[in-house]
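K.L.:
Just dropping this structure here.
Just so it is clear, none of the values below were taken in a lab; they were calculated from the coordinates. Since the model is a prediction, treat every value here as computed from it, not as a measurement. A quick note on method: Cβ atoms are made from the backbone with ideal geometry, for glycine too, and the neighbour counts reach across all protein chains shown.
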Amino acid sequence: MLDTLEYVTKADLSKRPAQVAAMFDEVAEGYDRTNAVLSMGNATLWRVATTKAVGPKRGERILDMAAGTGTSSASLAASGAHVVAGDFSPGMIEVGRKRQAHMSNIEFVEADATALPFADNEFDAVTISFGLRNVVEPEKALAEFYRVTKPGGRVVICEFSTPPVGFVRWGYGCYQRYVMPTLVKLASTNDAAYDYLNESIREWPDQRTLASWLRRAGFTGVEFRNLTLGVVALHRGVKPLAAADAAQEAPAVEAVPAAAPAAETKAAEQATAKPAAAKPAAAKPAPAKATAAKPAAVKPAAAKPAPAKPAAAKPAPAKPSTAKPRTPETPPASPPETAAS
Ligand SMILES: C[S@@+](CC[C@H](N)C(=O)[O-])C[C@H]1O[C@@H](n2cnc3c(N)ncnc32)[C@H](O)[C@@H]1O
């Protein structure tokens, strides 16, 4: 998650999609190693916390967007759930397919988070770890996450954030300025990496702002929980069940797929105090298909066809987790530390 920043420096914070994808292609091989070093071991803990928040179960269909090399997907797939690992970097996907070849329930798909090649209401849960910050239009991605999530389904976002305590922010700033450059030199082939990393984290909105984006996309029950004193935050929300009723009531959904997001947005507005202003998925009118009861088995037309599933061993035994992040949206003065800290 940290190595991502190689090849893009301060001047490149506009994050053009092609440039971001090319950057990840370049760092794909060493990505996981650099991650482990720069996070000083915390990356594993953050993944465990994220998987617990998603709570994947055997038989569920989970979308892990910006999955990169699939390390986050593997953690989710250990439950027995079917995990679609989406990413727009062919290089990251190639490494991921090799690395996760032993997990037959991980399916890598080349996909842009802002124009997902999936049907409405297709996934029981959608998650993204250390990816949303790199998406050029993050709110457009959230609107897409909402569209493809089943009514009643959940969204979980793990991303760098802003430590709420001043002293911790100061310490983290020192780490970024003085320690990380050295670690980057040791762990990565491109020591420009930390420039983009630090800047992109500074530019990224804080916990409350991201929570407001999730609500604006239509999600309800939005909560976040700080990990490692707020260096990372775990957000989650639920697509309201009312979205299913609204979709069923909208007669134009089948005939005019583009109407579906509008219907969902309306339902979300009714279900939440704050109106949703989610932009519907731009150019890709996915076939309207209410799949609230069972996971979709057929993939809709995609920009690129989904690659073949890796052949391999059987999925690991089911290990559903029940733990959930419970920190309310308004964090206490002293953030509750977590299993991941
Ligand atoms: C820091 S990596 C995170 C990988 C993985 N989730 C993890 O936690 O290790 C960020 C990933 O986001 C992907 N990404 C960035 N923008 C994207 C977009 N618009 N659509 C799909 N993937 C994107 C990059 O290709 C990269 O693999």
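K.L.:
Whole-Hz ³J(HN,Hα) for each residue in region 63-69, computed from phi via Karplus 6.51 cos²θ - 1.76 cosθ + 1.60 with θ = phi - 60°, x for glycine and proline: what do you get?
P.N.:
9, 9, 7, 6, 6, x, 7
K.L.:
Taking 0.36 nm per residue of separation and subtracting the Cα-Cα distance, what length does fully extending residue 202 through residue 33 add?
P.N.:
Numbers: separation 169, 0.36 × 169 = 60.84 nm, distance 2.36 nm.
Once the chain is fully extended between residue 202 and residue 33, it gains 58.5 nm.
K.L.:
Given region 3-239 reduced to its alpha-carbon atoms as identical point scatterers, what log10 I(q)/I(0) does the Debye formula return at q = 0.15 Å⁻¹?
P.N.:
Computed log10 I(q)/I(0) values: -1.00.
K.L.:
Turning to a different aspect of this structure: Quick one: which of 215-228, 34-47, 143-156, 163-176 comes out on top by average Cβ neighbours within 10 Å, and what's the full order, highest first?
P.N.:
143-156, 215-228, 34-47, 163-176
K.L.:
To continue, here is another question. Counting pairs of alpha carbon atoms under 8 Å apart in space and at least six apart in sequence, what relative contact order in percent does region 3-239 give?
P.N.:
About 23 percent, as a whole number.
K.L.:
Continuing with this model, one more query. Report the antiparallel proportion of the DSSP beta bridges in region 3-239 as a percent, rounded to a multiple of 5. Spell out each step's value before the answer.
P.N.:
Numbers: 14 of 34 bridges.
Just about 40 percent of them are antiparallel.
K.L.:
Relative to the present Cα-Cα distance, how much length would full extension add between residue 48 and residue 99 at 0.36 nm per residue of separation? If you can, show how the numbers build up before the last one.
P.N.:
Numbers: separation 51, 0.36 × 51 = 18.36 nm, distance 1.87 nm.
Using 0.36 nm per residue and subtracting the Cα-Cα distance, I get 16.5 nm.
K.L.:
Pairs 52/150; 98/140; 52/239; 140/185: which are spaced more than 24 Å apart, C-alpha to C-alpha?
P.N.:
On the way: 52/150 19 Å; 98/140 30 Å; 52/239 18 Å; 140/185 35 Å.
As for pairs spanning more than 24 Å Cα to Cα, those are 98/140; 140/185.
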